[in-house]
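Below is one structure, written out as structure tokens; the observations come after it.
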Amino acid sequence: MHSLLIRDVRPWGGPPVDLAVEDGVVRGIGPGLAPPANDSAPPSFGPGSSRPRVVEGRGRIALPGLVNAHCHVDKTWWGGPWVSSPGASTVEGRIAQEREHRDRLGIPDPDAATRMLRRFLQAGTTAIRTHVDVDPGVGLRGIEAVREAGERVGGAVAMEVVAFPQDGVVRRPGVLDLLDDAARAGADHLGGLDPAGIDRDPVRQLDGIFRVAERHGIGVDVHLHDPGELGSWQAELIAERAAATGLGGRVTISHGFFLGELPERRRLELLDVLAEAGVGWTTVAPLGRPPLPLAEMAERGMSLGLGTDGVRDLWSPFGDGDVLRIAQNLAAMLRYGTDEDLERAARWASSAAAPLVGREVHDVVVGAPADLVLLEGETVGDALTACPPRRTVVSGGALVVEDGEVLAGGSGEVLAGGGG
Ligand SMILES: [Zn+2]
């Protein structure tokens with residue numbers, strides 16, 4: 001017998017159905033399903049046992065829980081006092097200013113990370129891949145803070161952790177050992193950063209990271225900001241190593257905006273190489289950079305995910321933790337207009353990103369994890385363009401947002417920037 005019934009919802013804007021949930025998994029989809037038995041445990045994060053076991057969808061669209069495939073939960077001051085930026089604007093400058101100011105600001109902070117996770121839930125996100133700084137100054141404290149935040153929200157946000165050498169690898173002796181420690185402490189992926197632009201030695205950075213990742217059998221996710229041919233050469237180095245180590249399918253490039261800058265022939269050749277090697281991609285909706293050729297990437301079967309990147313941190317004061325807003329901005333950048341294209345953008349923020357958060361299936365289908373967000377709207381395109389409040393969110397079969405209030409891991413305080 002199922003323990004939660006979500007009545008009258010429209011998966012992906014289709015015909016109305018009920019969803020039956022048991023043990024955190026969608027077990028039944030269809031019209032007129034029976035309510036759960038009275039003796040089943042209430043699947044809720046709320047206090048006491050009074051939470052409903054039947055959720056009334058009222059004809060809203062049901063999407064799988066949103067996936068934030070690229071964020072930095074350890075850096076944020078979300079929900080805390082305003083932090084005036086010291087003003088650096090380049091990648092190198094921001095790295096330095098972060099190392100100079102983070103201790104003073106108490107970063108990483110498990111309280112801020114918890115507020116960020118609760119905001120993600122409030123925006124309908126139930127699974128994330130977060131990069132977490134690992135360097136000689138902070139050691140593994142960021143990973144510990146993020147893990148603690150994850151526990152405080154009762155595991156309502158499924159989390160993959162990337163041990164991220166934000167300050168470089170080759171140029172900072174000891175970082176590879178720290179990454180090895182992070183892998184031993186359970187990091188799901190090792191990060192990298194502009195192997196050429198920051199370390200000025202791409203082969204050594206990538207060989208070092210892939211060697212440790214291969215030893216532990218974990219993934220690799222490299223931030224690549226370097227432009228044009230410099231970026232594409234490093235993408236080839238990453239693809240070579242993905243193929244050689246057998247880590248294909250678990251290797252990701254983050255950002256990589258150079259792809260939008262290459263001549264067509266070079267771009268298509270490179271995409272074939274990347275797809276063949278099993279390299280996936282995560283991105284934001286970047287201002288001032290040509291958009292990535294996402295449709296061409298999807299055609300080749302590359303895993304694609306969207307992320308908020310840093311939200312209210314020393315890299316950017318912007319962001320509200322809403323990955324649906326990122327999908328909306330990206331759709332606008334790509335000049336999407338048809339219902340089909342708008343739905344495609346929404347899928348990149350949810351079901352399509354399943355492999356990036358370690359899931360085979362993440363969708364509103366029988367057998368999938370019961371992670372769901374309900375949205376007002378006629379069609380998915382309508383919801384994407386409106387980005388309505390997410391009043392009902394289910395994670396792991398439990399109601400985690402009810403009437404816009406986050407039930408998981410909180411004391412009920414008003415969340416900064418919360419839109420209900
Ligand atoms: Zn990032």
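The values are calculated or read from the model by the stated rules, or taken from the named source; none is laboratory data. Quick caveat, the model's predicted, so the values are computed rather than measured. Every residue, glycine among them, receives a Cβ derived from its backbone with ideal geometry; neighbour counts consider all protein chains shown. The accessibility values were calculated without ligands, DNA or RNA, using every heavy atom of the protein model including side chains. Shrake-Rupley method; radii C 1.70, N 1.55, O 1.52, S 1.80 Å.
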Euclidean distance of C-alpha centroids, segment 318-393 and segment 80-142, integer Å: 25
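Per 0.36 nm of contour for each residue apart, how much would the distance between E151 and H101 grow if the chain were fully extended, relative to their Cα-Cα spacing?
Details: separation 50, 0.36 × 50 = 18.00 nm, distance 2.70 nm.
My answer for the length gained is 15.3 nm.
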Carbon plus sulfur fraction of accessible area for the chain, probe 1.4 Å, in percent: 50
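Hey, what did the chain get for relative contact order, percent, Cα under 8 Å, at least 6 apart? Write down the numbers at each step before the final one.
Details: 963 pairs, mean separation 91.0, N = 420.
Reported as a whole number, the value is 22 percent.
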Cut-off 10 Å between beta-carbons: net charge of the residues surrounding D320, Lys and Arg +1, Asp and Glu -1: +2
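Given a 1.4 angstrom probe, what's the average accessible area per residue across the chain, in square angstrom?
38
How high is the FRET efficiency from W82 to D181, r the C-beta distance, R0 45 Å, rounded to 0.05? Could the numbers behind the result be given before it?
Working: r = 34 Å, r/R0 = 0.76.
Rounded to the nearest 0.05, the efficiency is 0.85.
For a protection proxy built on the mean count of beta-carbon atoms within 10 angstrom, sort 60-68, 158-166, 225-233 highest first, please. Present the calculation step by step, with values, prior to reporting the outcome.
Numbers: 60-68: 28.3, 158-166: 25.8, 225-233: 17.1.
Output ranking for 60-68, 158-166, 225-233: 60-68, 158-166, 225-233.
Of all DSSP beta bridges in the chain, what percent run antiparallel (nearest 5)? Can you show the working numbers first?
Working: 24 of 62 bridges.
That works out to approximately 40 percent antiparallel.
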Gain in span if fully extended, E240 to H216, counting 0.36 nm per residue against the direct Cα distance: 6.8 nm
